Amino acid sequence: MQKQKQQHRKKFLRDMGKVTVALAACGAVFAGAAVAYFTANGTAENTFTLYGGGGGETLAIQVEETDWDPDGDHTVLPGTELKKNPLVTNTEGVEAYAFLMVSVPLGTVDGSPDSPLFALNQLNTGTRENQWTSVESWNSNGEKHEVFAYNGTIAKGQSTSPLFNSVSFSPAITGDEVKALPETVAINVEAFSAQKSNIATAADALELSGWLPK
């Protein structure tokens, strides 16, 4: 009898073990199904039209000097005046801020070293929208650099007013001082422009040029 009880107990334990395993397996199946039921995917896509995308226009400018005669005689004597009237034209794109940097060569004039060899005549500076404001000037590499900001903005097809109307070779320079100079010198005018939209001020736009000394 005792032996039969032991065999029966072993069979019961074996059966319980099978049931336990079976329940554990069923539990895993249901857990997996629950995860699958609560799994989801989603995306959101926003489409934007890019100004200038697809090969369209962006922003382009040009420095123009309508009074400068490229084929004229540019040999100068002390006091010589030449017509030169730089302005900026927005040839393509959005409304923009405009800036000009004028670099005038330096030399000794009437005994004073590092003096500008040329004067800019009829400077169009002031507070009106169609005038310019001098932002900063400094000397480096044998030139006086001066940056001017246009008070207004220019849209596509529009131009600024000229910054100045002519230049004059210094009347105070002596013959010996002229001889000490190279045979040719140049006045360089460089333009920079930046979109008005999303740039709060002209000063912020000028920062993008990298022109101003640190």
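What follows is calculated from the coordinates using simple rules that are stated; it is not laboratory data. Predicted model, so just to flag it, every value in this text is computed and none were measured. Backbone-built Cβ (ideal geometry, glycine too); neighbour counts: all protein chains shown.
Here the Karplus curve 6.51 cos²θ - 1.76 cosθ + 1.60, taken at θ = phi - 60°, turns the phi angles of the range 135-146 into couplings of 8, 6, 9, 6, 9, 6, 6, x, 9, 9, 9, 9 Hz, with x standing for Gly and Pro.
Summary of packing: across the peptides 43-54, 179-190, 119-130, 162-173, the per-residue average of other C-beta atoms within 10 Å ranks them, highest first, as 162-173, 119-130, 179-190, 43-54.
Could you sort out which of Lys83/Lys144; Lys144/Lys214; Lys144/Lys179; Lys144/Lys196; Lys83/Lys179 sit more than 27 Å apart by Cα distance in this structure? Let's see the in-between values first.
Values: Lys83/Lys144 20 Å; Lys144/Lys214 16 Å; Lys144/Lys179 21 Å; Lys144/Lys196 29 Å; Lys83/Lys179 24 Å.
Where the Cα-Cα span goes over 27 Å, the pairs concerned are Lys144/Lys196.
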